[in-house]
Each structure stands twice: as structure tokens, then as C-alpha cells.
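The values are calculated or read from the model by the stated rules, or taken from the named source; none is laboratory data. Just so you know, these numbers come straight off a predicted model, no measurement behind them. FYI the Cβ positions are ideal-geometry reconstructions off the backbone, even for glycines, and counts take in every protein chain you see. The protein model used for the area step is the full one, side chains on, heavy atoms only, and it has no ligands, DNA or RNA in it. Shrake-Rupley method; radii C 1.70, N 1.55, O 1.52, S 1.80 Å.
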Amino acid sequence: MAKRKINWKVWLSYFVVVGFIGYILVMYGLNDPRKTGIVSGKLENPHFHYDTWKVLFFFHITTGSIALILGPFQLLKASRKNIKIHRTLGKIYATSILLSVPAGIYLAFYATGGIGATIAFLILDAVWFLTTFIGLKRIRERKIQSHQEWMLRSYAITLVFVTFRFLVPIFMFILHLGFAISFPLAVIVGIIINLSLSERYLKRLRKDNVKTSPIIIKG
């Protein structure tokens, strides 16, 4: 019997995702969110309603985490072995994003970094919704390849919530740019990096003339 090849890309994706979710749980679940740097500053704003923010914040990260967890599996060829499961998980993935976006829009208006961060997160929410919506539209139109491409872009945007958290410390502590610049810049650069990588991957597939094959994470 042939040895089954380990898909390191999927394992790496899940390692990063689980690490990110663990970080969020420790920072905001086990500890009082009001003691964290990004929340304590908001409490000085008289228009900031902490209880409402807290509910929507945890709703946002819960639905976002569901999308983060389901994404890598949905991109695998193995996920299509049972089309019923693939469709069910796909609906859960898309629904979690479509529910998370409105909460994200509310949270954007209280984002650390001021108006610049608000604009950056609103752009992120808009692109997240758009890529996912188009992906859903394409499958309803039975345009399989286009659906796969747009869902790959959708997951690339989902991962921006991880990417930008790696970028913020670089901009803040290495480049010394401060909150007001670091947060919005990290979000925008995260979008550019993730979409660029997904487009590069899609371009490579097209060069290989894989026009009808499923988009998969090779391994």
C-alpha cells in the first residue's frame, strides 16, 4: 500500500489558525477584555458601549473562527469526495462570514487607531463580503471554476484577520509607526499580501492549463 503523502500546507494552516484562536481565547476569554490595550483606550470614549461591543466582538470572532477552521478543508480535493458534506460545510462557512460582516462593521467604528483604522476595517469587511457573495453567486450559476476561485479569494481575506496581527508588531515595534498608522496599514497591507498570494496561485494553475480541475491545496 502506497504511503499517504502528508499535506503540510493544510497542517501549517491549521497550526496558524489554532494558534490564533488560542491567542484570542487567552487574551479576551480568560482575561478581562477591559484590561487589554486595545479595549482600555476605548473606555475613555463616552459614546463607547462596552457591553454591546463585547457581545458583538465575541460574536465576530466566533463566526470568523468558524470560517478560519472550515476554509482549508473546503479547498481540499478530499472535501469533494462527499459532495453533500462539502455543500453543508460550504453553507456554514459562507453563513458565518455573512453574519460576521455586520458585527465587524459595528466594531470598525470603535477600532484602535482612529478614523484610519475604521476605514481600513470597513474596506476589509466590504472585500470579505464581496468575495464570499460572488463565490456563492457563481455556484448558483453552476460556474464551478469561478466559484472555486472566488472562494479561494474569500478565504485569503478571512486570513487577513491573522495576517494583520503579525504585521501590527512589525509596524509598531520595529518601524515605530504608532497605533494610528500601524493598525490601518497592517489591515491594508494584509489584504494586498493575501490577495496577491491567492492570485499568484490561481495564475500558476492557469499556466498549467488546469481549467476544469478543482482548486486544491496541493499535497
Meets criteria (in contact with a Phe, Trp or Tyr (Cβ under 7 Å, 6 or more places away or on another chain) and free of Cβ contacts under 8 Å to residues at least 40 places away in the same chain) for residue 170: no
Residue 56 being in a helix (DSSP H, G or I) and either modelled with pLDDT under 75 or touching a Phe, Trp or Tyr at 6+ places or on another chain (Cβ under 6 Å) (or both): yes
Residue within segment 141-159 that is surrounded by 17 or more Cβ atoms within 10 Å (Cβ to Cβ), free of Cβ contacts under 8 Å to residues at least 24 places away in the same chain, at negative phi and β-branched (Val, Ile, Thr) present: no
Residue satisfying condition, being in contact with a Phe, Trp or Tyr (Cβ under 7 Å, 6 or more places away or on another chain) and either small (Gly, Ala, Ser) or modelled with pLDDT of 95 or more (or both), within set 103, 126, 94: 103
Failed item in (1) out of contact with any helix residue (DSSP H, G or I) (no Cβ under 6 Å at 6 or more places or on another chain); (2) at pLDDT 75 or above, with residue 38 passing the rest: (2)
Residues (open to solvent by 20 Å² or more (accessible area, probe 1.4 Å) and under 17 Å from residue 130 (Cα atoms)) located in segment 93-119: 95, 98, 99, 102, 105, 119
Residue in segment 174-187 that is open to solvent by 50 Å² or more (accessible area, probe 1.4 Å), under 24 Å from residue 50 (Cβ atoms) and without any contact (Cβ under 8 Å) to a residue 60 or more places away in the chain present: no
Residues located in segment 69-85, provided they are surrounded by 14 or more Cβ atoms within 10 Å (Cβ to Cβ) and outside any helix (DSSP H, G or I): 75, 76
Condition met for residue 63 (modelled with pLDDT of 90 or more, exposed (fewer than 15 other Cβ atoms within 10 Å of the Cβ) and closer than 25 Å to residue 137 by Cβ): no
